[in-house]
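Chemist: Here you go, one structure.
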Amino acid sequence: MGKYGMKITGSETKPNKNTGLIIGAVIFILIIIGAAYLWQTQPQPQKIPVLGDVHMHSDFKVYINGEAVNFSQQKYMSKEGHEINQFMDIHDGEGGVIHKHISSGTLDLFFQSLNMSLGSSCFKLDNGTSYCNNKNSTMKMFVKAEKGEWLVNNEFGNYSPGDLDRILISYGLENFSELRKQMESVTDRACISSKKCPERGTPADENESCSGTGPCIA
């Protein structure tokens, strides 16, 4: 008997059997939510660039004190059995079009293979002569992306060219009018190599079939 004459039965103190199931279900759901959150916040593995994961083409031109550097010389050309740079090169006598065979390729990678270097303050030719910023002459770089406008680009050697980019690298004291003429002199033949303007011709024979974005074997 209770204090007030009420009989206390065992059933009144026994917890509902469904309560344990509900608590277990809630804990399980919280575990799932927590695991999903942790998975989403963990850094995901990055795709490692490999040779042949892209084949892009970019037009480019380099001016030093108003004079264009002639990249059509044979010493700069890759040829079958003698690739100067398997990742980024020029070949078939086309000295104004860079062939890019790896997605991570940069202008620095390209120029280093030619014993040159490109930085924000200096450009060094393969003869060892460096042209560096001073009070009169400076390094400048402009990029015109496909269907875009000419824009200043301060990445210089760190820039990774895109398909059909047109790139101007200029050292000197040129005014805007002179720079505009240099921009206009950059060819737009990369689309031929990327097979995106078939009405203008077909690319020189290469040992691969590439559209400019898909994988190929260089």
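Chemist: Which residue pairs have Cβ atoms under 6 Å apart, sit 6 or more places apart or on different chains, and have a first residue in the range 97-125 that is among the basic types (Lys, Arg) and a second that is part of a strand (DSSP E or B) and modelled with pLDDT of 95 or more?
Modeler: Filtered contacts from the range 97-125: Lys100/Met56; Lys100/Met88; Lys124/Ser117; Lys124/Ser130.
Chemist: Then there's this: Could you give every pair whose Cβ atoms fall below 6 Å, whose first residue belongs to the range 183-203 and is assigned to a helix (DSSP H, G or I), and whose second residue is among the aliphatic types (A, V, I, L, M), counting only separations of at least 6 or pairs across chains?
Modeler: Met183/Leu168; Ala190/Val97; Ala190/Leu164; Cys191/Leu164; Ser193/Val97; Arg200/Ile192
Chemist: So, Glu174, is that one more than 21 Å from His101 (Cα to Cα), in a loop (DSSP other than H, G, I, E, B) and touching a residue at least 24 places away in the same chain (Cβ under 8 Å) or not?
Modeler: yes
Chemist: Out of the residues in the range 121-161 that are in a loop (DSSP other than H, G, I, E, B) and of a type in the set (D, E, K, R), which is surrounded by the most Cβ atoms within 10 Å (Cβ to Cβ)?
Modeler: Result: Glu146.
Chemist: Select from the range 100-120 the residues that are closer than 22 Å to Met183 by Cβ and in a strand (DSSP E or B) and list them in ascending order.
Modeler: Across the range 100-120, the qualifying residues are Lys100, Leu118.
Chemist: Further question: Can you name every residue in the range 62-87 that is in a strand (DSSP E or B) and touching a residue at least 60 places away in the same chain (Cβ under 8 Å)?
Modeler: If the condition is that a residue be in a strand (DSSP E or B) and touching a residue at least 60 places away in the same chain (Cβ under 8 Å), then Val62, Tyr63, Ile64, Ala68 are the ones that fit.
Chemist: I want to confirm something. Restricting to the range 57-95 and keeping residues that are basic (Lys, Arg) and within 19 Å of Gln112 (Cβ to Cβ), which single residue is farthest from the chain's Cα centre (by Cα)?
Modeler: Once the filter is applied, the top-ranked residue is Lys75.
Chemist: Just one of Ser170, Ser160 is of a type outside the set (D, E, K, R) and under 18 Å from Phe71 (Cα atoms); which is it?
Modeler: Answer to the check: Ser170.
The values are calculated or read from the model by the stated rules, or taken from the named source; none is laboratory data. These numbers were taken from a predicted model, which means no experiment stands behind them. No Cβ is skipped: glycine too gets one built from the backbone with ideal geometry, and neighbour counts run over all protein chains shown.
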